[in-house]
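Contents: one structure, followed by commentary.
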Amino acid sequence: GGGGGGSMASCRRLSGAGLREVLGPAQGLLFDCDGVLWAGERAVPGAPELLERLRRSGKAALFVSNNSRRSVAELERRFSRLGFRGVRAEHVFSSALCSALFLRQRLLGGGGNGSGAGRVFVLGGEGLRGEVRDAGLRLAGEGEPAPGEPVRAVLVGYDDQFTFAKLAQACGYLRDPQCLLVATDPDPWHPLSDGQRTPGTGSLTAAVETASGRKALVVGKPNTYMFDCIVERFGVDPSRTLMVGDRLETDILFGKNCGLATILTLTGVSRLEEAQAYMASDSAAAKDLVPNYYVDSIADLIPGLDE
Amino acid sequence: GGGNGSGAGRVFVLGGEGLRGEVRDAGLRLAGEGEPAPGEPVRAVLVGYDDQFTFAKLAQACGYLRDPQCLLVATDPDPWHPLSDGQRTPGTGSLTAAVETASGRKALVVGKPNTYMFDCIVERFGVDPSRTLMVGDRLETDILFGKNCGLATILTLTGVSRLEEAQAYMASDSAAAKDLVPNYYVDSIADLIPGLDE
């Protein structure tokens with residue numbers, strides 16, 4: 001079958017009859033975005049057509065991204081700009097959105113307008129800050145704090161304006177053991193279109209953890225909180241859902257942790273050789289990084305769908 | 001160990017003027033200073049206490065570290081330091097953690113508790129470890145350094161570590177914890193005075 005039955009496969013190329021066997025029973029697919037649907041400002045060739053074919057086949061497509069730079073509203077515009085039709089903000093689960101939801105639960109108990117909940121010190125850009133505000137939380141550094149409104153959480157995201165001073169400020173808040181330390185995602189670095197790399201949230205989190213002596217709660221993949229958000233909103237059945245991603249240590253492990261069959265696409269970070277090395281490894285942890293299937297690009301999934 | 005540095009490549013230093021000056025005084029050229037000579041790649045990234053650390057500098061360091069021949073060196077592993085007002089300042093160790101994670105590389109750490117600084121001392125002064133005492137305030141650096149170098153150790157309580165922490169390490173089952181237990185402690189190094197001849 002598509003979900004549970006296919007979970008016995010290890011690193012098998014999906015093509016031909018296998019493709020129809022795996023995609024046929026699936027009710028929906030979860031897609032990572034960077035390196036799967038697009039690379040930089042270029043859509044992966046055939047990716048918009050794949051989503052269109054999924055829609056016509058009556059299969060759901062949802063998106064789960066560790067990228068904490070953009071609000072889901074910005075992501076909706078990005079999908080459209082890159083040629084993907086019909087993707088709405090409600091289909092997109094970014095680590096920025098899910099971190100805000102996580103903080104709302106922990107600081108507000110899931111509801112309320114934020115008064116008395118304390119403030120959040122955000123290390124990140126305007127996309128992340130906006131999601132936190134939209135969740136009803138107040139940001140440290142914005143306006144005069146009300147009396148008795150301490151900083152109740154430090155949220156580390158992708159912060160290209162990160163400085164030593166902000167690191168020190170975060171550590172000051174974290175002296176209070178009641179102040180949460182949350183990170184949007186664990187990604188150590190990301191590839192850029194010119195072959196260079198940019199540091200990821202994971203590297204900034206490592207600095208904050210070391211300087212503060214605290215451990216961060218990490219919202220993003222491979223942890224399962226973002227799947228909880230998806231299930232709460234859309235009621236997804238893991239045994240009928242496939243996870244498609246490009247990074248073994250985040251996307252594939254996330255799929256494994258959530259009980260989803262996994263497909264590695266080779267248009268992004270991880271190389272097939274890395275998956276094969278994990279497969280050959282003796283370590284039990286390495287096995288969880290092996291995808292059930294792989295494709296060169298998600299466009300290769302198109303023949304597995306009905307006309 | 002010698003020479004005037006030409007052809008040795010440059011060093012990208014994350015740190016202040018004190019650190020940069022020591023690197024120059026050692027005959028090395030710093031990246032970012034003046035026009036690089038042709039064929040003068042960055043051969044090392046040195047992470048020190050850099051209160052001007054930024055994301056951009058982190059990214060620049062990672063760019064140099066794509067070359068596996070480029071060394072990654074950290075001055076010390078200290079995660080944070082206490083300030084006189086009770087606050088804390090992030091330490092080199094925290095900046096090194098960011099560089100290691102973003103680059104996928106492990107740093108060679110010069111400072112205590114690693115023994116390289118003792119090698120420097122022995123080379124200059126020929127110290128006999130069995131006749132030398134190490135006095136420090138931080139169990140995880142000073143006391144462990146003493147242990148690693150074969151020195152008897154004295155913890156002074158005017159700094160970072162509390163006596164309770166030393167006692168906790170002493171009570172621990174872990175072999176690593178034993179190495180963090182000082183041989184002796186004093187409230188302050190002034191307490192050592194009566195131990196010396198008039």
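Counting each DSSP H run of 4 or more residues in the protein assembly as shown as -39500 (n - 2.57), what helix-only mean residue ellipticity at 222 nm follows after dividing by all residues, to the nearest 500 deg cm²/dmol?
Details: 18 runs with 159 residues, N = 505.
Only helices count here, giving -9000 deg cm²/dmol.
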task: Report, largest value first, the span of the C-alpha coordinates of the stretch B:129-189 along each principal axis, in whole Å.
output: 29, 24, 15
query: How are the Cα pair distances of the stretch A:100-218 distributed, in percent, across 10 Å bins from 0?
result: 14, 47, 31, 7, 1
query: Could you give P(r) for the stretch B:10-109, binned at 10 Å from zero, as whole percent values over all Cα-Cα pairs?
result: 15, 49, 28, 6, 1
field: chain B: angle of helix B:55-65 to the longest principal axis, Cα-based, in degrees nearest 10
entry: 80
- request: Taking amide H positions as placed in the peptide plane 1.01 Å from N, state which residues far from B:Val127 in sequence (5 or more) or on other chains have amide H under 5 Å from it.
  value: B:Val122
- request: With springs connecting C-alpha atoms under 10 Å apart, model chain B as a Gaussian network and identify which of B:Ser94, B:Ser84, B:Ser172 has the largest mean-square fluctuation.
  value: B:Ser84
task: Rounded to whole Hz and in sequence order, give me ³J(HN,Hα) for the stretch A:70-84 from the Karplus expression 6.51 cos²θ - 1.76 cosθ + 1.60, θ = phi - 60°, writing x for Gly and Pro.
output: 10, 6, 5, 5, 5, 5, 4, 5, 5, 3, 5, 5, 8, x, 8
- request: Between B:Ala175 and A:Ser193, take the C-beta separation as r, use R0 = 51 Å, and let me know the FRET efficiency to the nearest 0.05.
  value: 0.55
Residue-by-residue Karplus 3J(HN,Hα) for the stretch A:248-254, coefficients 6.51, -1.76, 1.60, Hz, glycine and proline x: 4, 6, 10, 5, 5, 5, 4
- prompt: Applying 1/(1 + (r/R0)^6) with R0 = 41 Å to the Cβ-Cβ distance of B:Leu192 and B:Glu40, what FRET efficiency is obtained, to the nearest 0.05?
  reply: 0.25
- prompt: Over the Cα atoms of chain A, what Rg and Dmax result, in angstrom?
  reply: 19.7, 65
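Every read-out reported here was derived from the displayed coordinates using simple, explicitly stated rules and does not represent laboratory data. Values in this document were obtained by computation on a predicted structure and should not be read as measured data. Please note: Cβ atoms are built from the backbone with ideal geometry, for glycine as well, and neighbour counts cover all protein chains shown.
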